[in-house]
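Enquirer: Mind looking over this structure? Questions follow.
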Amino acid sequence: MSSVSLRGVVKRYGSVTALDTVDLDVASGELVALLGPSGCGKTTLLRTVAGLERHDAGRVAIDDEDLSSVPTRSRPIGMVFQSYALFPNLTVRQNIAFPLEVRGRPAAEVRRRVDEMLDLCHLGIQADRYPNQISGGQAQRCALGRALAASPKVLLLDEPLSALDALVRVRLRDEIRRVQQQVRITTLYVTHDQAEAMAIADRVAVMNHGRIEQLDHPAAIYDDPSTPFSAAFVGSRNAVPVVVRDGEVRIGPARLPAPVGTAGTDRLVAYFRPEEVELSDDPEDLPVRVELVVFLGPVTRLHLDAELDGGPVRFHLDLPSRQAAAHPVGSLRRIRIDPSLVRLFPAATEVHP
Amino acid sequence: MATHETVTPDRMTPGPTRAGDLLPPARSAFGRLREIAGLWLPALPLILVIALLLLAPALSLVIGSFRDASGFSIDPWIRVITRRGDQAAILTSLALGATVATLCTLVGAPVAWVISRMLPGRRAAWLALFTVAGNFGGIGLGFAYYAILGTVGMLTLAIQGVGIDWVPPRPSSFGGLVIGYLYTNVPLFVLLTIPSMGALRDDWWEAAQVASATRAQFWRRVGLPVLAPFIAAGWLLIFTWSIGIYGLAYALAGGGAAMTTPLITLRIGDILATDFTETWRANVLSVILMAIAILSLLAYRVTLRRAVRWFR
Amino acid sequence: MSTAGRRILLGAIVVYLILPLVAVFLYSVATVWQSRILPDGYTLEHYVAVAVDPRVQGAVLRSLALAVLVTLIDIAIVVPAVFWARVRNPRIRPIIEVGAAIPFALPWVVIAFGIDRLVGEWAPSWQTTFPVLVLAQSAIAFPFFYWAVDGAMAATGIARLTEAAETCGARPIQILRRIVLPIIRTGVATGTVLVFAVSFGEFALARILVGSSYDTLPLWQAQALLRTDDQLNELAVTTVLSFLVLFALAAWLVARGRSSGASLAAGAQVGTPTEAPR
């Protein structure tokens with residue numbers, strides 16, 4: 001069982017800083033998802049752990065052993081590439097055997113271990129096919145088997161599901177999680193899909209501009225984003241511009257104390273989720289007009305126009321689809337928001353992921 | 001029937017049908033002609049050129065090689081194959097082609113690999129250089145050989161100038177021909193194989209590193225097996241083209257009359273220019289050259305099919 | 001490969017590729033070049049001599065006439081055929097492919113001999129005439145044009161665009177003139193330069209088909225090389241000049257677009273994984 005530790009890791013490409021003093025600890029057997037938009041540095045971070053990129057400053061360690069001067073092929077890692085990078089001239093079996101054979105393991109051990117991996121990844125039938133003769137999902141499992149074959153201490157996954165279609169993706173996501181928990185291997189998992197990260201990870205590191213913005217359990221990140229970027233990137237949220245007045249912020253009748261450090265007339269953005277907006281009959285509440293009704297399956301999202309602080313504002317409200325018929329486009333309603341569910345951040349840092 | 005056509009003359013779509021016809025339209029001979037013309041007319045000039053100027057001459061040579069004054073005969077073939085001079089020309093051409101192709105591969109494959117991994121800007125500059133060199137051939141290149149490696153050539157004088165008693169290979173010798181041929185063919189080989197070097201994806205090398213492989217292990221287990229068929233295909237093309245070179249050989253061999261190194265192409269050219277009574281011999285030699293080229297091209301296609309099998 | 005190894009390899013290649021060009025250029029400006037590494041003196045008189053030599057003038061004009069005619073013919077016959085093969089009748093394509101494979105694989109000496117034989121058999125009065133040379137050269141050079149144009153049409157999805165134009169009511173001629181030609185003009189330019197260059201410098205065809213009855217520049221150069229009446233400097237001048245013209249054309253192409261202008265290699269790149277073998 002092994003842990004990964006990154007301290008003050010910096011990586012620059014010319015004038016671009018890809019990793020800006022990143023600290024990260026992954027506990028033994030833990031799966032941490034690196035989540036962020038493209039260009040946020042998550043893949044660079046993964047490749048730095050793999051040694052495929054050399055960091056400019058800081059320390060990368062596995063089990064407290066500094067790897068900074070250790071070449072990739074001597075690091076105790078296994079990696080699944082976004083493109084899988086299966087060797088086209090080798091069969092599934094030979095691909096999985098590759099890390100064992102280049103290490104000079106005895107033939108009997110190689111055979112036994114490859115059979116284990118084929119079993120673990122459910123690839124028995126495809127064992128003697130070439131990579132171009134198997135499906136995307138099978139190629140993905142083969143890449144996973146190859147990464148795990150030599151029993152590495154740390155497993156690195158670089159967007160392992162992005163090349164697959166939506167249906168296969170969910171199944172394989174759970175498959176990866178099953179395999180990871182079965183072998184109880186410390187894992188770093190790069191993805192840009194927040195639902196994927198939430199579903200698979202023990203903890204999620206939200207990354208932006210080469211930094212880790214927030215590192216926490218999925219539920220905590222979902223419920224309590226600590227930065228506007230986390231708030232905007234994770235889940236779908238209302239982002240409503242508001243103004244501080246008399247030390248507080250009002251959204252209709254809802255009143256929130258202004259955050260520490262804000263002054264009168266400062267512009268802020270209020271983040272809250274569509275399922276946290278409620279319809280109400282109370283004449284005190286904020287009047288809105290239904291502009292658009294979008295059916296999303298289990299829920300239906302209402303786009304609602306209102307006036308707030310003298311300007312037009314759009315709210316999103318989710319309600320169970322069965323109740324949506326009662327609110328056609330053009331109808332006038334009132335809404336309310338529980339102030340405790342609203343997060344306020346300065347307007348200048350508003351983010352559109 | 002043709003009278004009911006509602007199709008305007010400038011519409012080239014075939015199959016005039018009248019709206020509302022319940023039965024399949026009965027077509028007149030004229031209608032069918034129009035249909036065929038509509039399908040083929042724009043390509044007709046090119047098809048004629050291909051048929052009359054490329055296919056027919058090749059066929060005519062094949063047929064002609066089996067004829068003598070009395071009609072069908074394999075006599076010309078026997079007389080060519082058993083003659084020592086012709087045998088020598090065939091064997092020398094094959095040996096020259098194989099030597100040139102092998103040297104091109106040994107030099108060109110590493111160069112193509114290195115260039116394929118350059119940044120786009122630098123790669124473009126190299127491609128331009130190879131394009132220029134690959135297009136410099138024929139008589140001009142033959143002349144350059146004399147200017148560099150002739151008895152008073154630049155390099156000859158330079159080497160002799162530092163006190164080494166060195167005589168460069170005569171341009172008409174086997175070695176001289178190889179040097180001359182390499183000049184155009186190395187760039188062609190590089191230009192041919194650079195795109196296929198892209199077949200070897202960088203992340204395979206990364207994956208091999210993650211799997212703990214050394215550079216040598218990677219090349220032996222993955223790199224060379226993937227690239228080998230592409231490189232072999234390049235070898236076959238250079239081989240095919242080399243045995244067919246005429247202008248450069250003519251210049252290097254001094255017109256082919258005083259031949260120290262017999263080549264099929266030079267034999268053919270020489271016979272046609274000087275000796276009308278021997279045309280049948282040139283004819284058989286041409287068909288032999290043709291057969292070698294076709295076999296080589298077929299091998300090229302098979303190799304290439306093998307090369308791309310992992311990528312389909 | 002190590003960095004040093006790479007440098008040495010590339011450096012050697014550069015010297016090897018540049019040396020002949022340098023030598024020929026020096027020869028074209030040398031007074032006497034007999035005993036030292038560099039010429040004994042420099043002069044431009046060979047350029048003047050070439051400019052006023054009626055034989056060279058004639059040879060250049062004849063090669064130009066040949067190259068221009070061949071280029072025009074290839075444009076006229078290849079573009080409509082390829083267009084039609086892509087949008088209307090796919091059965092045209094295999095015929096063109098077979099046709100393109102012939103000059104690609106067969107030595108041109110052989111093709112020239114075959115054409116000469118055929119003409120001698122069926123139209124003896126046409127033997128060793130200019131029109132036969134033009135037609136033969138057009139046939140041999142057409143694959144260069146075909147690959148360039150076909151590549152351009154494939155890259156722009158010409159079949160789909162033609163369907164779009166047809167739904168707008170355009171006739172085939174209008175489509176060709178207003179949609180297809182403007183879109184494939186890079187391909188046409190590439191093909192034009194390739195065909196022109198190949199035709200301008202082709203030796204085998206001219207020597208076998210017309211011999212000395214139509215002296216093209218390569219034929220004149222061959223004579224200058226083999227005769228001993230000391231026209232080597234002028235040969236150097238014509239080599240430099242024709243090389244410069246072709247180089248300028250290729251550079252123009254590269255500057256205009258992304259084509260590499262690579263001789264035979266243009267059509268024959270050893271198949272990349274994404275494209276099936278021809």
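Each reported figure results from applying straightforward, stated rules to the coordinates on display, with no laboratory input. Keep in mind the model is a prediction, meaning the values are calculated, not measured. No Cβ is skipped: glycine too gets one built from the backbone with ideal geometry, and neighbour counts run over all protein chains shown.
Enquirer: Please give the average number of partner chain Cβ atoms lying within 10 Å of the Cβ of each residue in B:64-71, rounded to a whole number.
Expert: 1
Enquirer: Sticking with this structure for a sec: So what is the orientation-averaged projected area of the stretch C:131-265, using the convex hull of its C-alpha atoms, in nm²?
Expert: 10.0
Enquirer: For B:L44 paired with A:S69, estimate the spin-label separation in nm (one decimal), with each label point 7 Å from Cα along the Cα-to-Cβ line.
Expert: Label at B:L44, label at A:S69, 8.0 nm between them.
Enquirer: Let me ask something additional. With each pseudo-label sitting 7 Å past Cα toward Cβ, what's the C:A49-B:V162 distance in nm, one decimal?
Expert: Result: 3.3 nm between the two label points.
Enquirer: Mind running the shape call on the stretch A:1-68? Use the C-alpha gyration tensor, a ≥ b ≥ c as the square roots of the eigenvalues: rounded below 1.5 for a/c, prolate if a/b tops b/c, oblate otherwise.
Expert: Taking the square roots of the gyration eigenvalues as a ≥ b ≥ c, the stretch A:1-68 is oblate.
Enquirer: To continue, here is another question. So if we plug the beta-carbon distance of A:D174 and A:R103 into 1/(1 + (r/R0)^6) with R0 = 25 Å, what FRET efficiency do we get, rounded to 0.05?
Expert: 0.20
Enquirer: Let me ask something else about it. Using a Gaussian network for chain B with springs between C-alpha atoms less than 10 Å apart, which of these wobbles most: B:V100, B:V287, B:V114?
Expert: The residue with the greatest mean-square fluctuation here is B:V114.
Enquirer: List every residue whose amide H lies under 5 Å from the amide H of A:D56, counting only residues 5 or more places away in sequence or on a different chain, with H placed 1.01 Å from N in the peptide plane.
Expert: Long-range HN contacts for A:D56: A:V10, A:K11, A:R12.
Enquirer: Right, something else. Report the dimensions of the stretch A:226-292 along its three principal axes from the alpha-carbon atoms, largest first, rounded to Å.
Expert: 35, 30, 17
Enquirer: Which value, in nm² and rounded to one decimal, describes the direction-averaged projected area of the C-alpha convex hull of the stretch B:180-287?
Expert: 8.9
Enquirer: Using every Cα-Cα pair within the stretch A:83-158, state what percent have a distance larger than 18 Å.
Expert: Details: 872 of 2850 pairs.
Counting pairs separated by more than 18 Å, the tail of P(r) holds 31 percent.
Enquirer: Can you work out the FRET efficiency for the pair A:D281 and A:D309, with r the C-beta to C-beta distance and R0 = 22 Å, to the nearest 0.05? Intermediate values should be presented prior to the final figure.
Expert: On the way: r = 24 Å, r/R0 = 1.09.
The computed FRET efficiency comes out at 0.35.
Enquirer: Could you work out, residue by residue across B:124-133, how many beta carbons of other chains sit within 10 Å of that residue's beta carbon, and then give the average as an integer?
Expert: Numbers: counts 3, 0, 3, 5, 7, 4, 6, 12, 11, 7.
What the average comes to for B:124-133 is 6.
Enquirer: Taking only the C-alpha atoms, wrap a convex hull around the stretch A:284-341 and report its volume per residue in Å³ as a whole number.
Expert: On the way: hull volume 5.5 nm³, N = 58.
Residue-normalised Cα hull volume stands at 95 Å³.
Enquirer: Let me ask something additional. Evaluate peptide C:9-17: per residue, the Cβ atoms of other protein chains within 10 Å of its Cβ; return the mean as an integer.
Expert: Working: counts 4, 6, 0, 2, 13, 3, 0, 7, 9.
Rounded to a whole number, the mean comes out at 5.
Enquirer: Sticking with this structure for a sec: Calculated FRET efficiency, C:A255 and C:A76, Cβ-Cβ r, R0 30 Å, to nearest 0.05?
Expert: Taking R0 as 30 Å, the efficiency between C:A255 and C:A76 is 0.65.
Enquirer: Towards the positive end of the charge dipole of the protein assembly as shown, with charges on Cβ (+1 Lys, Arg; -1 Asp, Glu), say which of A:L215, C:A189, A:A108 has the farthest Cα.
Expert: Farthest towards the positive pole: A:A108.
Enquirer: Relative to the compact globular guide of 2.2 N^0.38 Å, what is the alpha carbon radius of gyration of chain A, as a ratio?
Expert: 1.20
Enquirer: Further, regarding this structure: What fraction of the Cα pairs in the stretch B:74-311, stated in percent, has a spacing above 35 angstrom?
Expert: Every Cα pair in the stretch B:74-311 considered, those over 35 Å come to 26 percent.
Enquirer: Any idea what diffusion coefficient the stretch B:41-125 gets from Stokes-Einstein, in µm²/s, Kirkwood Rh on alpha carbon pairs, 25 °C, 0.890 mPa s?
Expert: Reported coefficient: 137 µm²/s.
Enquirer: Where does the Debye-calculated log10 I(q)/I(0) of the stretch A:169-265 sit at q = 0.12, 0.22 Å⁻¹, using only Cα point scatterers of equal weight, no solvent?
Expert: -0.54, -1.15
Enquirer: Could you bin all the Cα-Cα distances of the stretch A:204-353 into 10 Å bins starting at 0 and give me the percent of pairs in each, rounded to whole numbers?
Expert: Percent of pairs per bin, in order: 11, 38, 35, 15, 1.
Enquirer: Could you tell me what % of all Cα pairs in the stretch C:55-218 have separations over 20 Å? Walk me through the intermediate numbers first.
Expert: On the way: 7252 of 13366 pairs.
Everything past 20 Å amounts to 54 percent.
Enquirer: Please report, in whole Å, how far the alpha carbons of the protein assembly as shown spread along each principal axis, starting with the longest.
Expert: Taking the Cα atoms of the protein assembly as shown, the three principal extents are 112, 88, 62 Å.
Enquirer: Continuing with the same structure: Evaluated at 25 °C with a viscosity of 0.890 mPa s, what Stokes-Einstein diffusion coefficient in µm²/s does chain C have when Rh comes from the Kirkwood expression over alpha-carbon pairs?
Expert: Answer, rounded: 115 µm²/s.
Enquirer: Order of A:259-268, B:85-94 by packing, highest average Cβ count within 10 Å first?
Expert: B:85-94, A:259-268
Enquirer: Find the Rg to Rh ratio for the stretch B:115-218, where Rh is the Kirkwood radius over alpha-carbon pairs and Rg uses the same atoms.
Expert: Using Cα coordinates only, the ratio equals 1.18.
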